[in-house]
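Taken together, the values in this text are just the output of simple stated rules run on the coordinates, not laboratory data. Remember, it's a predicted structure, so these values are computed and weren't measured experimentally. Every residue, glycine among them, receives a Cβ derived from its backbone with ideal geometry; neighbour counts consider all protein chains shown.
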């Protein structure tokens, strides 16, 4: 029975530590729950109807951040690296007809003229294919149209 004594002591110690850990978690949850305004919504008096905040998704999604310099730099890196590689692996497109854009190429220090590039929309890969096929200077100035009710329903899908 001597061999079982250390085992019994270890079990008791483990239970004590477990109980201590549980009580610390309970206290932490209680203290977070008791934190008031401004860390959680304020209480609303009876009889007051709180107006619903306007949705910041779908057609109301804020897109100004996407035109800022940091977002453009990240987009350029993603297009030049992972997106280009993905399109090459999945589709390996053959780009033809670039000669038709020769008349639209801007002179030095001029902005490119506005053009509309329209895919036939067979899949979600169309955007990636178009971005890889459209030459500079248009690629860096491109605006992608997307259905607000499909692509902007959550913050995650809207940011991607």
Divide the volume of the convex hull of the Cα atoms of the stretch 63-159 by its number of residues and quote the answer in cubic angstrom per residue. 130 Å³
Shape call for the stretch 64-113, from the Cα gyration tensor axes a ≥ b ≥ c (a/c under 1.5 means rounded, otherwise prolate when a/b beats b/c, else oblate), comes out oblate
Separation of the residue 126 and residue 114 label points, Cα + 7 Å toward Cβ, nm: 2.1 nm
Test of understanding: what is the full-extension gain from residue 101 to residue 12, defined as 0.36 nm times their sequence separation minus their Cα-Cα distance? 24.1 nm
